[in-house]
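A short reminder: the numbers here are calculations on the coordinates, not readings from a lab. Treat the numbers as computed from the prediction; the structure is a model and nothing was measured. Cβ sites come from the backbone with ideal geometry, for glycine too, and all protein chains shown count toward neighbours.
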Amino acid sequence: MAEARTDGRPLTFEDLAAHLASGSKPEADFRIGSEHEKFPFRLGSHEPIAYEADDAGRGGIKALLEGLMRFGWKGVFEDNDHGHTLIALERGGASVSLEPGGQFELSGGPLETVHDVCEEIGQHLAEVAEVGGELGIGFLGLGHTPLWTRAQVPIMPKGRYAIMRRYMPKVGSMGLDMMFRTCTVQANLDFASEADMVAKFRLSLALQPIATALFANSPFVEGKPSGLLSSRAHVWTDTDHARTGMLPFVFEDGFGFDTYARYALDVPMYFVKRDGRYIDASGQSFRAFMAGELPVLPGEKPDLHDWADHLSTIFPEVRLKTYLEMRGADTGSREMLCALAALWIGLLYDPASQAAAWDLCKNWTIEERSKLRDDAPRLALGATVGGRTVREIAKDVLDIAREGLKRRNRLSGGMNDETGYLSELFEIVETGMTKAQRLLDLYHGSWRGDVTPVFEAAAY
């Protein structure tokens with residue numbers, strides 16, 4: 001395993017690549033991380049939740065964070081323009097944090113099985129339901145807010161978000177929508193070596209639009225159908241082209257840690273963190289930073305913490321840190337949150353499944369992969385690639401993932417393997433109906449053109 005040490009000397013390019021390589025670990029040590037976001041809303045009125053208490057004295061996001069501390073969560077504070085601000089919670093290897101518009105995120109700890117992941121998610125949802133119920137707050141599991149305009153969404157008091165809010169409109173038309181009006185579910189997986197990373201990166205990146213289609217769960221924007229099945233995924237198509245997308249270079253010969261480090265090095269910066277505060281470096285160059293020529297910090301050079309911070313500001317469909325992040329899915333019900341982890345574990349943690357899945361997509365061209373990414377938010381299972389529909393491909397993908405989970409044979413206390421977590425996805429491909437399409441049927445049927453019933457139908 002490569003070392004990522006600087007010993008007080010200035011960072012070199014080799015250090016940047018070595019930091020990525022330092023995530024390599026033996027297969028026996030592979031873990032799963034699950035992250036998901038959800039929209040807090042005021043029960044009854046369906047309004048978004050501000051950080052502080054509202055005019056009626058009803059507690060907001062801050063009170064929600066404080067209430068969760070009864071379960072052993074410890075507060076994480078930031079000194080910013082708002083003072084000494086509670087911005088997150090930590091417990092064990094997990095954290096609860098805030099997205100820019102108050103989206104409430106669980107970043108789970110590194111766990112061994114999907115059973116563990118699903119138990120962690122269930123415990124978190126029970127905790128937030130208890131505290132939220134006391135505050136009159138519910139939680140919505142959709143990929144895009146179905147009702148609120150940008151202007152209606154409150155802004156969370158975190159330093160980095162103020163910088164992003166100013167920068168986003170300069171580089172894309174929907175960056176602020178991404179920040180304030182979307183929610184995702186993510187799975188994080190390990191790799192054993194550079195070759196293993198490359199194989200997993202290529203496969204997961206090629207199949208990410210298939211996940212987007214399977215998990216499509218955001219058909220409404222501002223109270224009406226958007227014309228899309230994943231409005232969240234569509235937002236990412238014009239957020240910031242310098243730091244998003246399908247990364248064609250991942251599929252080129254010679255791709256490795258060095259290649260990704262060079263790519264990341266040329267992604268414009270957002271910020272530098274010093275003494276707990278964020279310094280606006282938006283649009284500036286990490287290369288200049290390494291040369292001591294960053295305009296906002298002249299003469300100062302970065303350390304590995306700065307590099308790790310910078311890596312966290314890059315948003316492709318699959319992201320490389322010291323592990324791989326699958327980023328292509330709308331958030332959804334507890335069952336769907338568990339299903340995402342099961343899908344990627346079944347595909348990527350079993351060599352036979354990984355090889356079989358690669359056979360499905362290895363011949364897709366750059367143009368086909370790009371078109372599929374653009375089509376999936378609108379057409380979902382109806383999109384086509386390589387002469388086949390996404391529904392047909394998704395069925396094969398799920399069959400392969402199920403076999404991978406069977407071979408893993410990780411059993412719960414009830415002696416069940418992990419394949420059951422795929423059941424929601426199998427129902428989607430068998431019926432041809434995504435969660436978004438079922439919501440649209442309700443909207444056009446018993447809801448009679450009113451989107452507000454979704455706050456019950458898709459609530460946790």
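Odds and ends about this structure:
- Residues THR365, THR313, sorted so that the one with the fewest Cβ neighbours within 10 Å comes first: THR365, THR313
- Cross-link table LYS38/LYS301; LYS38/LYS170; LYS62/LYS273; LYS321/LYS395; LYS38/LYS273, entries beyond 32 Å C-alpha to C-alpha: LYS38/LYS301
- Counting only whole DSSP H helices of the chain, the ones at least 18 Å long by C-alpha along their axis and with mean Kyte-Doolittle hydropathy no lower than -0.5 are 114-135, 194-214, 334-348.
- Projected-area average for the stretch 302-460 over all orientations - Cα convex hull basis, square nanometres: 13.0
- For LYS158, the aspartates and glutamates whose Cα falls under 12 Å of its own Cα, not counting residues fewer than eight places away in the same chain, are GLU78, ASP79, ASP81, GLU99.
- Per-peptide average of other Cβ atoms within 10 Å, ordering 296-304, 316-324, 19-27 highest first: 316-324, 19-27, 296-304
- Residue-span extension gain [SER22 to ASP450] - 0.36 nm each, minus C-alpha spacing: 149.0 nm
- Entry note, the chain: relative contact order of 20 percent, from Cα contacts under 8 Å with a spacing of 6+ residues.
- Rg of the Cα atoms in the stretch 204-320, relative to 2.2 N^0.38 Å, amounts to 1.29.
- With the convex hull of the Cα atoms taken as the outline of the chain, the averaged projected area works out to 21.4 nm².
- Per the Kirkwood formula applied to alpha carbons, the stretch 70-143 shows a radius of gyration over Rh ratio, Rg over Rh, of 0.98.
- Binning the alpha carbon pair distances of the stretch 356-416 at 10 angstrom intervals from zero yields the distribution 20, 42, 22, 14, 2, expressed in whole percent.
- Judged by the mean number of other Cβ atoms found within 10 Å, the most tightly packed of the peptides 41-53, 104-116 leads the ranking 104-116, 41-53.
- Cα convex hull of the stretch 155-210 - mean projected area over all directions, nm²: 6.0
- Cα centroids of the stretch 12-70 and the stretch 289-358: 15 Å apart.
- No Cys partner within the rule (Cβ under 4.7 Å), the chain: CYS183, CYS361
- Whole-number D in µm²/s for the stretch 1-90 (Stokes-Einstein; Kirkwood sum over Cα pairs; 25 °C, 0.890 mPa s): 140
- Highest to lowest packing among 247-258, 325-336, 118-129, scored as the average C-beta count within 10 Å: 325-336, 118-129, 247-258
- Note on LYS371: aspartates and glutamates with a C-alpha under 16 Å away, same-chain residues under 8 apart excluded, are ASP238, GLU317.
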